[in-house]
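Single-structure report; data block below.
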Amino acid sequence: MSRLKYIIELKEYYGTDLKRINHALKVLNYADRIAYGENIADDKMKKIIYISAILHDIGIKNAEEKYGSSSGKYQEIEGPPIAREIMLKNNEDEDIMDRVAYIIGGHHTASKNDGVDFQIIWESDLLVNIEEDELYKDRENVSSIIEKNFKTQTGKMIANDMFLS
């Protein structure tokens, strides 16, 4: 399971946009930590998690070009086809491509969150967004965000340690 090929694809796609590249790599780091902490042992699920983490925001560039916005709803429209193209190049199985496309196509919509793989991406992205958007400065708000959004024990522990300790 070489995640390096997906990181290379991500870097080629974003070029000099270090902010977007670094965001994805931070999400991947948290996804790895949460998956490990939650004892995710299934290789297929781990592969879905790491590909989704690396490519979760891959639709931003097209969203900005087509709609003049990086809004989550546009990322969810534009991301899955690009991710599929990248996964096809890397000969992924259809079921992995379908699941990754589903997660990318819903990673800003809570009601689409339907499994532990999706939840891990949800929490990982949120950890990075809380930090990057400096939401942690409002302890009451961040406490509410954690309470509403974090379901894994590992994700809750990381969030509480980072933002509420």
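Taken together, the values in this text are just the output of simple stated rules run on the coordinates, not laboratory data. All values derive from a computational prediction rather than experimental measurement. Backbone-built Cβ (ideal geometry, glycine too); neighbour counts: all protein chains shown.
Loop-resident GluC sites (Glu not before Pro) (DSSP state other than H, G, I, E or B) in the stretch 77-165 with no more than 10 further Cβ atoms inside 10 Å of their Cβ: Glu134. Proximity of backbone amide H atoms, modeled 1.01 Å from N, is registered between Ile58 and no other residue at under 5 Å, excluding neighbours fewer than 5 places apart on the same chain.
For the stretch 1-86, the equivalent ellipsoid derived from the alpha-carbon gyration tensor has semi-axes of 24, 13, 12 Å in decreasing order. A simple charge model with +1 on the Cβ of Lys and Arg, -1 on the Cβ of Asp and Glu and nothing else charged puts the dipole of the chain at about 160 debye relative to its Cα centre. Across the chain, Cα pairs under 8 Å and at least six residues apart give a relative contact order of 23 percent. With respect to the chain, whose longest principal axis is taken over its alpha-carbon atoms, helix 153-163 is tilted by about 70°. Seen from Ile146, the other residues with C-beta closer than 10 Å to its C-beta sum to a net charge of 0, counting Lys and Arg as +1 and Asp and Glu as -1. Given Cα positions, please report Rg to Rh for the stretch 48-104, the hydrodynamic radius being the Kirkwood one. Looking at the stretch 48-104, the ratio lands at 0.99. Considering the stretch 8-147 at the alpha-carbon level, its Rg and Dmax are found to be 14.6, 46 Å. Beyond 32 Å in Cα-Cα separation lie the following of the pairs Lys112/Lys156; Lys47/Lys137; Lys46/Lys73: Lys47/Lys137.
Of the trypsin sites (Lys or Arg not before Pro) in the stretch 13-66, not one is in a loop by DSSP (not H, G, I, E or B) with at most 13 other beta carbons within 10 Å. With R₀ set to 22 Å, the beta-carbon distance separating Ser71 from Ser165 gives a calculated FRET efficiency near 0.10.
Building the convex hull from the alpha-carbon atoms of the stretch 71-155 and averaging its projection over directions returns 6.3 nm². Based on Cα contacts under 8 Å between residues 6+ apart, the stretch 1-78 shows a relative contact order of 29 percent. Angle check, please: helix 4-14 long axis (alpha carbons) against the longest principal axis of the chain (alpha carbons), in degrees 0 to 90, nearest 10. Helix 4-14 sits roughly 90 degrees off the main axis of the chain.
Calculated mean residue ellipticity, 222 nm, the chain: -23000 deg cm²/dmol, from DSSP H runs (n ≥ 4) at -39500 (n - 2.57) each, averaged per residue and rounded to 500.
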